[in-house]
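Report on one structure; see the data block that follows.
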Amino acid sequence: MSQKTEPPMKPNWYPDPLDESQLRWFDGISWTDNTRSSDTSGFIPPPETDGLTTGQKIGNGLYKLKCIIIGGFFTLAGLAYLFSGEPSGWVGLILTAYGVWVLSGLFTGGWRLFIY
């Protein structure tokens, strides 16, 4: 025997499961915090979103965390090497420059190709 499954709900305004006097936005996956009065007539536009899925937001957060950890490590290691009194200061300079370049990825996203 096969069970009938309901088709997934599409993103739209639906009666709020918690308060039927309101409409709540369903984003296709879960209910959001966006509500509207249910007595509105005419077209109700969907709420403003940044267009990113939850997975993309998590990925962006992990990317930033990696930039902070890796960039911070190389920047601090390079500075420590520069001020250690070692005769070949160019190594410290290269490490520091690399760390700063990685940290710049927080603002530009430019290091994304090398961090994954």
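All of the numbers you see were taken from the coordinates with simple rules; none came from a lab. These numbers come from a predicted model, not from an experiment. Because the Cβ atoms are built from the backbone with ideal geometry, glycine has one as well, and the counts that use them run over all protein chains shown.
Our coupling estimate for region 29-38, obtained by passing each phi through the Karplus curve with A = 6.51, B = -1.76, C = 1.60 and θ = phi - 60°, is 10, 8, 6, 9, 8, 7, 10, 9, 5, 7 Hz, Gly and Pro reported as x. Database remark: amide H of Leu23 closer than 5 angstrom to the amide H of Asp16, Arg36, Ser37, Ser38 (H placed geometrically; neighbours at sequence offset of 5 or more, or on other chains; Pro and chain starts carry no H).
Projected label points at Leu79 and Val91, each 7 Å from Cα along the beta carbon direction, are separated by 2.0 nanometres. For region 54-109, take every pair of Cα atoms, bin their distances at 10 Å starting from 0, and report each bin as a whole percent. Spelled out bin by bin, region 54-109 gives 28, 39, 21, 9, 2 percent.
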